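The structure under discussion appears below in the form of structure tokens.
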Amino acid sequence: MRKFLAYFFTFWALAVVAVIGVAGLRGSTSRKPPIEIWPDMDRQPKLRPQTTANFAGFADGMSSRLPVAGTVARGSGFEANEFNTGRKADGSFADAMPVTVNAALVRRGQERYTIYCAPCHGAAGDGNGVTTKFGMAAVAKFHDERIVKMGDGEIFNTIANGKNLMGPYGDKLDPQDRWAVVSYVRVLQLSRLGKKEEIPDAVRATLK
């Protein structure tokens, strides 16, 4: 029995020494690389993205495809841009449009508005679109004081993401076109609510 115990403790001590020699003490550091039983799990053949690797899977030999046009990578800074989101750096809606408003922008806005907005909101922005004939009564009127006082960024956000019964149009209108629609909405408001004193003298003289 003593002989058995002697062998047992001898082998146990050798095992402890071997484990400590290989793995080290808990919490200790070592400059030696770790022992890898199956190194292929960490080091295996692979292709680097967006590189020429003579990859037979694609005709041009590239290792991967370019991002789909119009897509935006998370963390690219897209969401921090007022032009893209309609929001300022602090997260609040932009008060004014971050684009130059000119005749070309308004014409583009009129075109996009006629296609996507007029069926519900009406050609004049009075909420009397064709959908009202089919039972859709709750349609926003752009001449209401609430929307007139609304910041441009909030209208932009509504176009992009929708609101209440209105669905999002962010997949149909890119940021430039959304701002164009906002500019045309402001034109519709001025056409109904604008005052004679706000018209430039040169233009006012031509009006009847």
(request) Would you mind stating whether Arg146 is in a helix (DSSP H, G or I), touching a residue at least 12 places away in the same chain (Cβ under 8 Å) and under 18 Å from Val187 (Cα atoms)? (result) no
(request) Output the residues belonging to the stretch 171-187 that are among the acidic types (Asp, Glu) and in contact (Cβ under 8 Å) with a residue 24 or more places away in the chain. (result) Asp174, Asp177
(request) Filter the stretch 68-87 for residues that are touching a helix residue (DSSP H, G or I) at 6+ places or on another chain (Cβ under 9 Å) and of a type in the set (A, V, I, L, M, F, W, C) and give the result. (result) Val72, Phe78, Phe83
(request) For the stretch 2-29, enumerate the residues that are part of a loop (DSSP other than H, G, I, E, B) and either modelled with pLDDT of 70 or more or surrounded by 10 or more Cβ atoms within 10 Å (Cβ to Cβ) (or both). (result) Gly24, Thr29
(message) For the condition assigned to a loop (DSSP other than H, G, I, E, B), on the phi < 0 side of the Ramachandran plot and not acidic (Asp, Glu), what is the one hit in Arg43, Arg107, Arg112?
(response) Arg43
(message) Is it the case, given these coordinates, that Asn81 is polar (S, T, N, Q), modelled with pLDDT of 75 or more and out of contact with any strand residue (DSSP E or B) (no Cβ under 6 Å at 6 or more places or on another chain)?
(response) yes
(message) With the structure loaded, tell me whether Gln50 is without any contact (Cβ under 8 Å) to a residue 60 or more places away in the chain and farther than 19 Å from Pro168 by Cβ or whether it fails that test.
(response) yes
(request) Identify, by number, the condition in (1) surrounded by 14 or more Cβ atoms within 10 Å (Cβ to Cβ); (2) in contact (Cβ under 8 Å) with a residue 40 or more places away in the chain that Asp95 doesn't meet. (result) (1)
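The values are calculated or read from the model by the stated rules, or taken from the named source; none is laboratory data. What you are looking at is a predicted structure, and each value in this text was computed from that prediction instead of being measured. Don't worry about glycine lacking a Cβ; one is built from the backbone with ideal geometry, like all the others, and counts go over all protein chains shown.
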